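The values are calculated or read from the model by the stated rules, or taken from the named source; none is laboratory data. Just so you know, these numbers come straight off a predicted model, no measurement behind them. With ideal geometry, Cβ positions are generated from the backbone for all residues, glycine too; neighbour counts draw on all protein chains shown.
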Amino acid sequence: MKKLLSICLAAVLLLSCIASANDSLDTAYVESSTMPFPSGINIYIGEISDEDRKAEEIRFEDLNALNAKFDDYLHGRIPDSEYEAALTAWLIKRGGDLANVSKMMLTPSEKTALLSSNVNGSKAIGDGKKVTLNYVASNNDLKQINSYYCGPATAVFMLRVRQIWYDTNNNWISQTTLGNQMGTNSSVGTYLSQMAPALNSYSGISGNSYTYTTMYPSSSSTWTLNSSNAVITTIDSGYAAGLDCMMYGTGSSTISPTFFLPSWENHLKTLGSGVPAGHYVPAYGFDATNTSSRKLTIFEVYDGFGNWGPQTLTCQMMGNLTYPVGVIVK
């Protein structure tokens, strides 16, 4: 739960800051005021400059302390007024809109919901089932072709699950094809909002008829359960889902990150504290035979860490990683 609380708070706080048009550091990385983080950008794999790294370290320095304050506030260890004062001071420093302070305070019922939120409900979607979708593709087809093409690689995988290799003009659908469609580039990677339209442009091929949609978080207390159900429903219907994951560096080789994709832990230890690393992966399997621990099978498309291909991810971790960015589901 503590892991979930940290990312929930970070999401809520940064959403407020991004609403400020004067915050150039935030708006430089986002698609619009509704998108809180760089969507699916993994430009931080060996490409972030020392100057940018330092800027991100400064940006998140106070957030870690505020996260701890939020945990105390949520569990009733400090009065609400103490957290409200800390939140106000943080927003002033970041140039955020103070009118949002009251909106960011939790009601008693919201506190209860957040403390009791659990992805492993007794009647959760997919309970008792285990599904793994087949895909036909070469290794070169599935590995992202450069450090910022995780989005196109994920989209290619999602099409291959549906046996879609060629467009209606019999042209091979490659990562480059999808990258061009989605506007993928080295500066911003791939915006999440561009993935569903690109995938939907191939509906009708090979007997497929589908519509992918972008699911954005609306509530931190319900995101993990709702997104898990949506992803599992998508896979259960025979389609892969796309996960837009956000991770953060620890600034120390001895400190493990709070949430991470299976092969990213050591890399995150090499990044500065709080430095974000965005990454797309497809999910194409789930195991809900143990209802107390639903799991997803994902495909790691980046091979730079020596561990790519099929991996297992708990639904709880998936919720942590994709809040507050989003997922692509059917």
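Output yes when any residue across the range 227-241 is part of a strand (DSSP E or B), closer than 20 Å to Pro324 by Cα and at pLDDT 95 or above, and no when none is. Scanning the range 227-241, I find at least one residue that is part of a strand (DSSP E or B), closer than 20 Å to Pro324 by Cα and at pLDDT 95 or above, so the answer is yes. Which of the residues spanning the range 175-210 are of a type in the set (S, T, N, Q), in a loop (DSSP other than H, G, I, E, B) and closer than 12 Å to Ala155 by Cβ? Those that are of a type in the set (S, T, N, Q), in a loop (DSSP other than H, G, I, E, B) and closer than 12 Å to Ala155 by Cβ: Thr184, Thr190, Ser201. Restricting Ser293, Ser253, Ser273, Ser263 to those that are over 12 Å from the mean Cα position of the chain (by Cα), surrounded by fewer than 19 Cβ atoms within 10 Å (Cβ to Cβ) and under 23 Å from Asp127 (Cβ atoms) reduces the list to Ser293. For the range 163-174, the criterion of being over 19 Å from the mean Cα position of the chain (by Cα), modelled with pLDDT under 95, among the aromatic types (Phe, Trp, Tyr) and part of a loop (DSSP other than H, G, I, E, B) is met by at least one residue.
Kindly evaluate Thr154 against the criterion of being surrounded by 16 or more Cβ atoms within 10 Å (Cβ to Cβ), of a type in the set (S, T, N, Q) and part of a helix (DSSP H, G or I).
Values: surrounded by 16 or more Cβ atoms within 10 Å (Cβ to Cβ): yes; of a type in the set (S, T, N, Q): yes; part of a helix (DSSP H, G or I): yes.
Yes: the conditions hold for Thr154.
Checked against the criterion of being surrounded by fewer than 17 Cβ atoms within 10 Å (Cβ to Cβ) and touching a residue at least 12 places away in the same chain (Cβ under 8 Å), the candidates Thr224, Thr211, Thr184 yield just one match: Thr211. Taking the conditions (1) modelled with pLDDT under 85; (2) surrounded by fewer than 16 Cβ atoms within 10 Å (Cβ to Cβ); (3) within 30 Å of Asp236 (Cβ to Cβ); (4) among the β-branched types (Val, Ile, Thr) in turn, Ile125 satisfies each one other than (2).
Taking the criterion of being hydroxyl-bearing (Ser, Thr, Tyr) and either in a strand (DSSP E or B) or touching a Ser or Thr at 6+ places or on another chain (Cβ under 9 Å) (or both), the residues of the range 261-286 that qualify are Thr270, Ser273, Tyr280, Tyr284.
From the list Ser138, Ser193, the lone residue that is surrounded by fewer than 20 Cβ atoms within 10 Å (Cβ to Cβ), assigned by TED's automatic domain parsing to the domain that holds Gly238 and out of contact with any strand residue (DSSP E or B) (no Cβ under 7 Å at 6 or more places or on another chain) is Ser138.
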